[in-house]
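Below is one structure; the comments refer to it alone.
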Amino acid sequence: MSLTTSSFSVHDYLQQRLQDNNYNQAQLQQALTLRVVEAQRIAITRVAEYSSHWLTLARNLARSDGHYALQLSRYYQSIGQTREQDYYFDLALKQGSKQAIIVQAEQLAGRGQYQKALAKLRLVAFVDKTASPEGHKQAQQISVLMLEWAVAAGDFSTIASLLEKRHAIIPASLIAELIRFKVIGADHAVLLKPDAGQQYTHLAQSTQTIDTLTDAITATQQCRYPIQFFADSLTKLRTLKQMMAQLEPFYQQQFCLLEPQYTAPQWLNCTNNATLRIQCQFDEALLQALPQAIRYIGVMTDKGIANVNHGMVFVDAGDSSQVLAHELNHFLGFIDEYPLPINHAACDEKGAIAHNVVNITPRVFASDQDARAFLTDQLPWYSLIQASTPVTHLVNGQHHLGTPAKFNNQIGLFPSRTCQYHSASSFKPIYGLSSLEYFEKPLPESYMQVFEQASDKKLMPSFHVNMGRYLMSQGQSSKAKTWFDAAHD
């Protein structure tokens, strides 16, 4: 049925009364009957969110209001109705909903497509000085997201532009982070320059500070080995800080955990595969600019299997501080107690291959005392074994290496799975599991004692060796020698 001209007049009249907030309940009800949009806006605020009445009103409003289209999309997402979720999300985008565009940009950034995400936000990034408090809040949200993604993309021109044009609405706490992580200087100028040879001058400038810190820490014996972590986004840098803060005191004492520093993804070329060990191809200039006092370096990536490689440690953003602790153990000279690959070089060695594992060719002894005499110079933990704890067990009247099960709660000589795929027999100090086998477990007190007795004997060489080995593999022997010469023993 078609409406008369008078009906249109009533519609317009009621719309105006409602907009002027000059109406009574009867007029509101009449306006709802005529589906006056302003009446529906008023009514939806008076009913329970996501109730059947709310949904009816929201569907009507969504035809012209991106805000309600996005709310409906989120509602259908929450109940698993993907088709309706996508329909209303697309409707919100078509209507130019800023918040929907922000959500779409966040989805792109979540997939690592930072430049595409930035392009989306540039569509809604204009700042309206006459905007409401809510509008200013949204403008700040957009600016923060753009700055975070520009950092993650290594987009220095966008970083500089945002700091210049939007400094007033960027939170001071974010500016402080950018300075702390060495993205910008105290003068808010971008530190990492894309010009060749100028990328890392800020690291060289901080040499005196780090050297002084290292000297002070060494003098007080609070920690021993400086380690510098890098990441290519603010999110990962924050995660690194939290991860380092959660490390047990033992690791805090051994390592000088310096402030994580930013480096652009194009200068930190890393694998990004959850099923593979993390590997990174460093820009040599980055490592050359580091203070000589730094012994180890670390990197956090998005995805990958944590590992250490000749003075470098790699973790991903989903790892815990326990995973990091497990990897740091290798720097200190501990080896894994789960089975190593069949071609692992450590299992071809005899004697103490780490603080916590010895490889011994199977043999028998006339007595436990003879076995002890044989082990005196082979076991890093020999001094921790009580005189009453045997290091052998009887098999057909012969003494075979291995502490009997009744002494499982003592420090002794217990089988390790480290080299179970090799001919040598591996032994460790304790019967139970440690963080070298399951990272959720703590590092035993006895392992810390063994380390303190001979901390430098099994220490992993510094990262300089890694660079030297890489350059040798590339046929650059002269450059490699420079790195080998700079290595810490």
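Using every pair of separate Cα atoms, the Kirkwood estimate puts the hydrodynamic radius of region 29-128 at 14.6 angstrom.
What size of dipole, in debye to the nearest 20, comes out for region 343-426 about its Cα centre when the only charges are +1 on Lys and Arg C-beta atoms and -1 on Asp and Glu C-beta atoms? Please report the intermediate quantities before stating the final value.
Numbers: 5 positive and 5 negative charges, 38 e Å.
Value, rounded to 20: 180 debye.
Which entries of 241/481; 236/457; 428/458; 137/241; 350/428; 137/236 show an alpha-carbon separation above 22 angstrom in the structure shown?
Working: 241/481 34 Å; 236/457 33 Å; 428/458 15 Å; 137/241 28 Å; 350/428 14 Å; 137/236 25 Å.
Over 22 Å Cα-Cα: 241/481; 236/457; 137/241; 137/236.
Relative contact order of region 322-419: 28 percent, from C-alpha pairs under 8 Å at least 6 residues apart in sequence. Helix content alone sets the calculated 222 nm mean residue ellipticity of the chain: runs of n ≥ 4 DSSP H residues at -39500 (n - 2.57) each, divided across all residues, give -13500 deg cm²/dmol. Does region 379-425 classify as rounded, prolate or oblate by the C-alpha gyration tensor (a ≥ b ≥ c root eigenvalues; a/c under 1.5 gives rounded; else a/b over b/c gives prolate, otherwise oblate)? Judged from the Cα gyration tensor, region 379-425 comes out oblate (a/c at least 1.5, b/c at or above a/b).
Taking label points 7 Å from Cα along the Cα-to-Cβ direction, residue 74 and residue 408 give a separation of 5.4 nm.
Of all aspartates and glutamates in the structure, those lying under 17 Å Cα to Cα from residue 165, and not within fewer than 8 positions of it along the same chain, are 128, 148, 155, 187.
Note on residue 387 and residue 441: with the Förster distance fixed at 22 Å, the Cβ-Cβ geometry gives a FRET efficiency of about 0.20. With both labels modelled 7 Å from their Cα along Cα-to-Cβ, the residue 137 to residue 477 distance reads 6.8 nm.
With each label modelled as a point 7 angstrom along the Cα→C-beta vector, the residue 303-residue 400 pair spans 4.6 nm. What translational diffusion coefficient, to the nearest whole µm²/s, does the chain have by Stokes-Einstein, given a Kirkwood radius computed over alpha-carbon pairs, a temperature of 4 °C and 1.567 mPa s viscosity? It comes out at roughly 47 µm²/s.
Taken about its Cα centre, the chain carries a charge dipole of about 1080 debye when Lys and Arg each add +1 at the Cβ and Asp and Glu each add -1 at the Cβ. Take every pair of alpha-carbon atoms less than 8 Å apart whose residues are at least six positions apart; their mean separation over the length of region 1-103 yields a relative contact order of 17 percent. Does region 334-489 come out rounded, prolate or oblate by the C-alpha gyration tensor, with a ≥ b ≥ c the root eigenvalues, rounded set by a/c under 1.5 and, if not, prolate when a/b is larger than b/c and oblate if not? Taking the square roots of the gyration eigenvalues as a ≥ b ≥ c, region 334-489 is prolate.
The count of lysine pairs in region 29-135 whose Cα atoms are under 18 Å apart, excluding pairs fewer than 8 places apart on the same chain, comes to 4.
Remark: relative contact order (the chain) = 8 percent; criterion is Cα-Cα distance under 8 angstrom and separation of 6 or more residues. Length gained on full extension, residue 82 to residue 122: 11.6 nm, using 0.36 nm per residue less the C-alpha separation.
Annotation: extensible slack from residue 24 through residue 277 equals 84.1 nm (criterion: 0.36 nm per residue apart, minus Cα-Cα distance). Of interest is the spacing of the C-alpha centroids, which for region 85-129 and region 328-398 amounts to 61 Å.
Hey, got the dipole for region 1-131? About the Cα centre, +1 on K and R Cβ, -1 on D and E Cβ, debye to the nearest 20? Can you show the working numbers first?
Values: 15 positive and 10 negative charges, 72 e Å.
Here region 1-131 has a charge dipole of around 340 debye.
Give the average over all directions of the projected area of the C-alpha convex hull of region 403-489, one decimal, in nm².
Numbers: hull surface 33.5 nm².
Convex hull of Cα atoms, orientation-averaged projection: 8.4 nm².
From the square roots a ≥ b ≥ c of the eigenvalues of the alpha-carbon gyration tensor of region 332-424, which class results: rounded (a/c under 1.5), prolate (a/b over b/c), or oblate?
Numbers: a/c = 1.82, a/b = 1.50, b/c = 1.21.
Since a/c reaches 1.5 and a/b is larger than b/c, the shape of region 332-424 is classed as prolate.
Length gained on full extension, residue 342 to residue 111, computed as 0.36 nm times the residue gap minus the Cα-Cα distance: 79.5 nm.
No value in this document is a laboratory result; all are computed from the given coordinates. Keep in mind that what you see is a predicted model, and the values were worked out from it rather than measured. Cβ sites come from the backbone with ideal geometry, for glycine too, and all protein chains shown count toward neighbours.
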